[in-house]
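Structure first, then comments.
The values are calculated or read from the model by the stated rules, or taken from the named source; none is laboratory data. Small disclaimer: the values here were computed from a predicted structure and weren't measured. Quick reminder, even Gly has a Cβ in these numbers, built from the backbone with ideal geometry, and neighbours come from all protein chains shown. The area values use the complete protein model at the heavy-atom level, side chains included, leaving out ligands, DNA and RNA. Shrake-Rupley method; radii C 1.70, N 1.55, O 1.52, S 1.80 Å.
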Amino acid sequence: MEKLCRNNLACCMPIETENGEMKSYTYYNETVIIPILCSAKELRDRKVIHWGIWFDRNIPLF
């Protein structure tokens, strides 16, 4: 979340609770951050990164 704040995608504000102060985060534009977080989750969870390229060679390259 701190990295998102540094890149101006989120804002951090301290809030006071009965248990003390804690950080609260707000996204500047929810429609932008949701695909970024979903993509990051997929990259984190997969063992192999699929770049959307499929190589199917029937003849040698050289």
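So the values come out like this:
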item	result
Residue-span extension gain [Cys38 to Asn8] - 0.36 nm each, minus C-alpha spacing	9.0 nm
Per-residue HN-Hα couplings for segment 9-17 [Karplus 6.51, -1.76, 1.60; θ = phi - 60°; Hz; x = Gly/Pro]	9, 9, 10, 9, 9, x, 10, 9, 10
Accessible-area ranking of Thr26, Thr31, largest first, probe 1.4 Å	Thr31, Thr26
Ordering of 32-42, 10-20 by packing [mean C-beta count within 10 Å, highest first]	32-42, 10-20
